[in-house]
Amino acid sequence: MSKYAELRKLDVSKYVEQKNGLSYLSWSFAWDEFKKVYPDATYEIVKDVNNLPYFESDAGAMVYTKVTAEGLTYEMWLPIMDGANKAMKSAPYEYQTRYGAKQVEAFTMFDVNKTVMRCLVKNLAMFGLGLYIYSGSDLPESEPEKVDATALVEAIAKSTTMDELKTSFAQAYKVASKDKDALKLINDAKELKKKELA
């Protein structure tokens, strides 16, 4: 199994916190688990020309991180956001909603720090760790169970009419629907039997 697949299968759900509809994985847990798989991994907080860990434009402020593991480097970015997930700037600003004006406070270094660590976790997801969280899933995908298609193929082969073939194929398909290899065997058996019954 590749390291990406190993990290992708790791269930991190008990370390995930929900806030304003978004899921956040604990950075300390994420880094700990990542280092178990990539002990020599390093990360970098990208800084601007003034050595500040954020970049600001009229649209708001962003942070960037880079993670390197076994010669592979991924960069990730994340805007600094308030509790309503609105982009923060170094000065407070107001925006209009259908319910009236809303205020976004200026970001502080505490906001920058939180965002950097969330960005690092997002960066680790590029290597597979907790990636399913960003896909909107609660748990990682599990490997589909392998199905022994022998009896299913035999049932298809014993069909004596097209109606029996349809029924046995439908039953076999239901049992093996998540196993691609078994489905191929079942489909091949169905096509072979169809030719015999035609």
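Looking at D48, is it within 18 Å of M117 (Cα to Cα) and exposed (fewer than 13 other Cβ atoms within 10 Å of the Cβ)? When the stated conditions are applied, D48 passes them. Within the option set M76, M1, M81, being in contact (Cβ under 8 Å) with a residue 12 or more places away in the chain and more than 13 Å from V121 (Cβ to Cβ) holds for one residue only, M81.
For region 95-113, taking the residues that are at pLDDT below 95 and charged (D, E, K, R), the one that is nearest to E56 (Cα to Cα) is identified as K102. Consider region 62-78 and keep the residues that are aliphatic (A, V, I, L, M) and touching a strand residue (DSSP E or B) at 6+ places or on another chain (Cβ under 7 Å). The one that is surrounded by the fewest Cβ atoms within 10 Å (Cβ to Cβ) is M62. If the condition is being of a type outside the set (A, V, I, L, M, F, W, C), in a loop (DSSP other than H, G, I, E, B), closer than 26 Å to D111 by Cβ and modelled with pLDDT of 95 or more, then region 1-52 contributes K47, D48, N50, N51. Among the residues making up region 27-47, a single one is of a type in the set (G, A, S) and without any contact (Cβ under 8 Å) to a residue 12 or more places away in the chain: S28.
Please tell me if Y134 is within 26 Å of K14 (Cβ to Cβ) and aromatic (F, W, Y). When the stated conditions are applied, Y134 passes them.
The values are calculated or read from the model by the stated rules, or taken from the named source; none is laboratory data. Treat the numbers as computed from the prediction; the structure is a model and nothing was measured. Note that we place each Cβ from the backbone using ideal geometry, even for glycine, and neighbour counts take in every protein chain shown.
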